[in-house]
């Protein structure tokens, strides 16, 4: 996630060095998108700065030369909605005083003049916004196992091949054959007798 950083340009005379250091550090800084605007209470409704602010709809850091309390009131007046969110340079913002759920990280440059420390805190905020969480309530419950899971199917009720009922019984007895008697001798004798009777 990228973090928009809105920096008010009209710094006091003793804050110009801090403003220049911040601009030099934030231009092209990975994950931070710098936007320079005029003083919020001087922006006309149809000004370019107001349209630029209207296009920022995600959590944002706002760097100004006033206390976070006054800065938050000014942002609400120009309809830059959100709630004051705690960070290391503004650790106690109090309870949210806005119905809008966008987080606004407010920096008072009168109290914090170390550009490196401010940029480091902006990096930390961006990293914290990039952490994704998963709601346990959104996880789908595991699917129940099928009722016949793990139960082997019964084999078809057919007799297996090569069982005793299908294999011929090698011990079946056959009638004996008498080798010294031809079963057709009687028939041949009768034929011979008939031939003798026909012989005149």
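The values are calculated or read from the model by the stated rules, or taken from the named source; none is laboratory data. What you are looking at is a predicted structure, and each value in this text was computed from that prediction instead of being measured. For neighbour counting, all protein chains shown are included, and Cβ atoms are generated from backbone atoms with ideal geometry for every residue, glycine included.
Summary table
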| read-out | value |
| --- | --- |
| Residue list for segment 1-34, filter: farther than 19 Å from residue 124 by Cα and not in a helix (DSSP H, G or I) | 8, 9, 10, 11, 12 |
| Members of segment 1-16 that are more than 28 Å from residue 79 (Cβ to Cβ) and either surrounded by 15 or more Cβ atoms within 10 Å (Cβ to Cβ) or in contact with a helix residue (DSSP H, G or I) (Cβ under 9 Å, 6 or more places away or on another chain) (or both) | none |
| Test result for residue 63, under 24 Å from residue 25 (Cβ atoms) and part of a helix (DSSP H, G or I) | no |
| For residue 131: the one exception among (1) modelled with pLDDT under 95; (2) in contact with a strand residue (DSSP E or B) (Cβ under 9 Å, 6 or more places away or on another chain) | (2) |
| From 58, 62, residue being within 24 Å of residue 18 (Cα to Cα) and under 35 Å from the mean Cα position of the chain (by Cα) | 62 |
| Segment 99-114 - residue that is assigned to a loop (DSSP other than H, G, I, E, B) and in contact with a helix residue (DSSP H, G or I) (Cβ under 7 Å, 6 or more places away or on another chain) and, of those, farthest from residue 75 (Cα to Cα) | 113 |
| Selection within segment 24-37 - touching a strand residue (DSSP E or B) at 6+ places or on another chain (Cβ under 7 Å), farther than 9 Å from residue 6 by Cβ and surrounded by fewer than 19 Cβ atoms within 10 Å (Cβ to Cβ) | 27, 31, 33 |
| Condition broken by residue 69, with the remaining ones in (1) within 17 Å of residue 107 (Cβ to Cβ); (2) in contact with a helix residue (DSSP H, G or I) (Cβ under 9 Å, 6 or more places away or on another chain) satisfied | (2) |
| Selection within segment 66-88 - crowded, with 20+ Cβ neighbours inside 10 Å and assigned to a loop (DSSP other than H, G, I, E, B) | 80, 82 |
| Subset of segment 24-43 [in contact (Cβ under 8 Å) with a residue 12 or more places away in the chain and under 37 Å from the mean Cα position of the chain (by Cα)] | 25, 26, 29, 31, 32, 33, 34, 35, 36 |
| Residue among 141, 93, 45 that is in a loop (DSSP other than H, G, I, E, B), surrounded by 11 or more Cβ atoms within 10 Å (Cβ to Cβ) and at pLDDT below 95 | 93 |
